[in-house]
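The values are calculated or read from the model by the stated rules, or taken from the named source; none is laboratory data. Treat the numbers as computed from the prediction; the structure is a model and nothing was measured. When we count neighbours, we look across all protein chains shown, and the Cβ atoms used for this are built from the backbone with ideal geometry, even at glycine.
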Ligand SMILES: [Mn+2]
């Protein structure tokens, strides 16, 4: 039995491709493509192949950057150390022409670069490779070609198009035409093709394959980018694809009509790549931790999420190994329920009354730094330290006018953003956020009021006022200088009752008080 000959067939690496369409991920994918080349070199060494064949378009451009070329040359030197030969042909992206990379750089001595306009044989031991330089788009590489008879493993290395089915949309699909009959008559044992970027077998009398790019280059490529390990012994050729893709391109169809925002879409896209329940539970756990900015306790939360999904999420206990359950978990309703339930419960645990509060800081309004306000309707106050009251709403302005006229009010302040008086509270979404009450009123030296004015009521109003009530109670416990209270003033009542003094307001506006 003759000794087996082993080669790896790859091509269309397009090193240096910019991937602009990937936005901020483009750099990452450029790196992937280089890493894949290193992995192919590792694979050649591991499989102890006789040679590596590159079927054109190793580079995306005839003049790639020096760093890319240096990288490739260094990798090829690793093969030289292991006595592995490298056969390279140029492609339509890195054609063989003057002042191109093929003339500008010196490649290591184990590298054979084809430079002829017709198929030309290079024989090393029992292997004969017929290669052709890429110099134009029109030449038919296999026209009138027949390999010489020999017992060697005879391999064709060609960059071209076997069919021109899509040439109208993609003119490149007709570059360097290769006819079926020409393949059958070539007398070759194997033809290593480059140009099309997906793995493709051209079935016929001769084993003939496109290896495709070893790493996906666009969303048109299949997810299984590979190289081909080709073995030859006793006149038989065995071809085995080995997947090399580091990152996969997938095209998904997502119904966006039920989605509220980008982050929901992102969640759906992410969950579509979850292949087992461990991945799904992990994904939800990480999502909850990110949203709540938790930095530890992953293992504890993971178990809780798992139990919740298993026992509570669906109307009956479910088997997490069931693929349908996994599919249902990527539905937006399921994602929302899981994340929202945990967020709420965790916040409830985090925001708890520990029964003590202290005053850490006072804000002195007269020490407020000057700040610019929007140019809009305003009034010049007499009872407020600010030189102008600009209302965020018409109601605020009317309320200021009311306070100016109240004989039972010493002074007041509109709580501008610049005052920095805020109270944290848990909002309707279950998140902690800041609440800026509208006014602080000093009725007399002993009585202070925080005022919330509202035109239209929203979901957060009861939560804010509840928190405000608590805040006042805490403050009254912590100090005795003045008594703090709050009043909620809604526009409808303000229009209806026309209070003429602060005392009237205090008596009649009792919402959220009891
Ligand atoms: Mn290509």
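Quick notes on this one:
- Within segment 403-423, the presence of at least one residue that is surrounded by fewer than 18 Cβ atoms within 10 Å (Cβ to Cβ), part of a helix (DSSP H, G or I) and under 38 Å from the mean Cα position of the chain (by Cα) is confirmed.
- Enumeration of residues in segment 238-263 that are in contact (Cβ under 8 Å) with a residue 12 or more places away in the chain and out of contact with any helix residue (DSSP H, G or I) (no Cβ under 6 Å at 6 or more places or on another chain): 239, 240, 241, 242, 243, 245, 248, 249, 250, 251, 252
- Comparison of 222, 213, 150, 186 shows that the only residue that is surrounded by fewer than 16 Cβ atoms within 10 Å (Cβ to Cβ) and either in a strand (DSSP E or B) or out of contact with any strand residue (DSSP E or B) (no Cβ under 6 Å at 6 or more places or on another chain) (or both) is 150.
- The set of residues from segment 300-337 being surrounded by 11 or more Cβ atoms within 10 Å (Cβ to Cβ), touching a residue at least 40 places away in the same chain (Cβ under 8 Å) and more than 26 Å from residue 262 (Cα to Cα) comprises just one member, 320.
One line per residue, one yes/no per condition, for (1) modelled with pLDDT of 95 or more; (2) farther than 22 Å from residue 146 by Cα; (3) away from the ligand (no atom under 16 Å from the Cβ):
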site	(1), (2), (3)
181	no, no, yes
194	yes, no, no
202	no, no, yes
208	yes, no, yes
214	yes, yes, no
222	no, yes, no
227	yes, yes, no
246	no, yes, yes
250	no, yes, yes
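- Matching entry among 380, 359, 389 (being loosely packed, with under 14 Cβ neighbours inside 10 Å, modelled with pLDDT of 80 or more and not assigned by TED's automatic domain parsing to the domain that holds residue 279): 380
- In this structure, residue 73 does not satisfy being buried (at least 18 other Cβ atoms within 10 Å of the Cβ) and not in a loop (DSSP other than H, G, I, E, B).
- Hits in segment 192-208 (condition: part of a strand (DSSP E or B), within 39 Å of the chain's Cα centre (by Cα) and either at positive phi or crowded, with 20+ Cβ neighbours inside 10 Å (or both)): 192, 193, 194, 208
- Residues within segment 243-270 that are surrounded by 14 or more Cβ atoms within 10 Å (Cβ to Cβ) and farther than 30 Å from residue 336 by Cβ, tallied: 3
- Long-range neighbours under 9 Å by Cβ, at least six apart or interchain, first residue not assigned by TED's automatic domain parsing to the domain that holds residue 238 and within 16 Å of the ligand (Cβ to nearest atom) within segment 1-29, second assigned to a strand (DSSP E or B) and at pLDDT below 95: none
- Of all the criteria given as (1) under 28 Å from residue 140 (Cβ atoms); (2) within 16 Å of the ligand (Cβ to nearest atom), the one not satisfied by residue 111 is (2).
- The residues of segment 48-64 that are assigned to a loop (DSSP other than H, G, I, E, B), touching a residue at least 60 places away in the same chain (Cβ under 8 Å) and either touching a helix residue (DSSP H, G or I) at 6+ places or on another chain (Cβ under 6 Å) or within 16 Å of the ligand (Cβ to nearest atom) (or both), listed by number, are 56, 57.
- Test: residue in segment 2-14 that is under 16 Å from residue 214 (Cβ atoms) and assigned to a helix (DSSP H, G or I): no
- Among residues of segment 474-511, those that are in a loop (DSSP other than H, G, I, E, B) and surrounded by 14 or more Cβ atoms within 10 Å (Cβ to Cβ), counted: 5
- Taken as a whole, the condition of being within 16 Å of the ligand (Cβ to nearest atom) and not in a strand (DSSP E or B) does not apply to residue 144.
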